[in-house]
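Reading through the structure tokens given below for one structure.
The values are calculated or read from the model by the stated rules, or taken from the named source; none is laboratory data. The structure presented is a predicted model; accordingly, all values stated were derived computationally and were not measured. Cβ placement follows ideal geometry from the backbone for every residue including glycine, while neighbour counts extend to all protein chains displayed. Quick note on the areas: whole protein, heavy atoms, side chains included, nothing else; ligands and nucleic acids left out. Shrake-Rupley method; radii C 1.70, N 1.55, O 1.52, S 1.80 Å.
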Amino acid sequence: MSRVSLSNLNHLAFVLKIDFNERYKNMLVKDALKITDSFTKTSKMPGLSYSLPAWACKTGQKLAKIPGTPCFGCYAKKGNYTRYPAIRAAQYRRLDAIDHPQWVEAMVTKIKNQKWFRWHDAGDVQSSEHMAKILDVCRLTPNTKHWLPTQERQFLPAPEEVPTNLVIRLSRSKIDGPASGAWSHESGVTTTIEARTCPAPSNSGKCGDCRQCWDINVKVVVYGKH
């Protein structure tokens, strides 16, 4: 199968945007939320994020059994994620919602007025089809900066398919592990202050005015171990 050219992809995005504006300009946020379920507003980050169950991660479920990986002792499987049953139930509703025929349009309706957005504060990409839908959402929200951390190498798109307002960061599979070089942007976890580039631990656990994760010019971001 031949690859679609970048110019054709841009044209398709333009057509999709027009089509979306014509067909779904009257979709209300309250109706969109009936499809997508609620979004997450964390105290750390500047915008909304979307949470899926960490128990449904494909690669993460395997890494969770291996000491020394970021997924071993996963933060999204403890604390408030497990303390309140309603949170976990909502995550599974969002997981089911991905297959809804209007999921893309509903996500765009909710996200389009956001300046910053994160995929996902818990959970990960479920399939190539899920990734394709995320790319569509990003193309249809050009005024939003998107950041997607992922362990799912098998679902990464072709680099030319990634919209310029989306930064996909491939997560290193080992804590204090080396750079992989498998993708243009990546993230890692470290146990040493010297190797950490994320300023949140020195800023009361908040991003503050840092936007490294969303910055296409920042190739690597290294977080402190939770």
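What to note about this one:
- If the condition is being open to solvent by 30 Å² or more (accessible area, probe 1.4 Å) and closer than 22 Å to Ile111 by Cβ, then segment 163-194 contributes only Thr164.
- Residue-level check: of (1) hydroxyl-bearing (Ser, Thr, Tyr); (2) outside any helix (DSSP H, G or I); (3) surrounded by fewer than 18 Cβ atoms within 10 Å (Cβ to Cβ), Thr141 misses just (3).
- Flag if Pro178 is more than 14 Å from the chain's Cα centre (by Cα), in a helix (DSSP H, G or I) and not acidic (Asp, Glu): no
- If the condition is being open to solvent by 50 Å² or more (accessible area, probe 1.4 Å) and touching an Asp or Glu at 6+ places or on another chain (Cβ under 8 Å), then segment 66-76 contributes no residue at all.
- Residue ID - nearest to His226 (Cα to Cα), chosen from residues in segment 80-137 that are among the polar types (S, T, N, Q) and open to solvent by less than 10 Å² (accessible area, probe 1.4 Å): Gln91
- Of the listed requirements (1) in contact with a helix residue (DSSP H, G or I) (Cβ under 7 Å, 6 or more places away or on another chain); (2) in a loop (DSSP other than H, G, I, E, B), Ala106 misses just one: (2).
- Each residue in segment 66-100 was checked for being more than 20 Å from Ser171 (Cβ to Cβ) and in contact (Cβ under 8 Å) with a residue 60 or more places away in the chain, and 2 pass.
- Restricted to segment 201-226, and to residues there that are among the basic types (Lys, Arg) and modelled with pLDDT of 95 or more, the residue that is surrounded by the most Cβ atoms within 10 Å (Cβ to Cβ) is Arg211.
- Filtered residues of segment 108-147 (kept if over 21 Å from Cys71 (Cβ atoms), of a type in the set (D, E, K, R) and in contact (Cβ under 8 Å) with a residue 40 or more places away in the chain): Lys110, Lys115, Asp136, Arg139, Lys145
- Criterion: open to solvent by less than 50 Å² (accessible area, probe 1.4 Å), touching a Phe, Trp or Tyr at 6+ places or on another chain (Cβ under 9 Å) and either closer than 22 Å to Ile175 by Cβ or at pLDDT below 80 (or both) - qualifying residue of Leu9, Leu52, Leu63: Leu63
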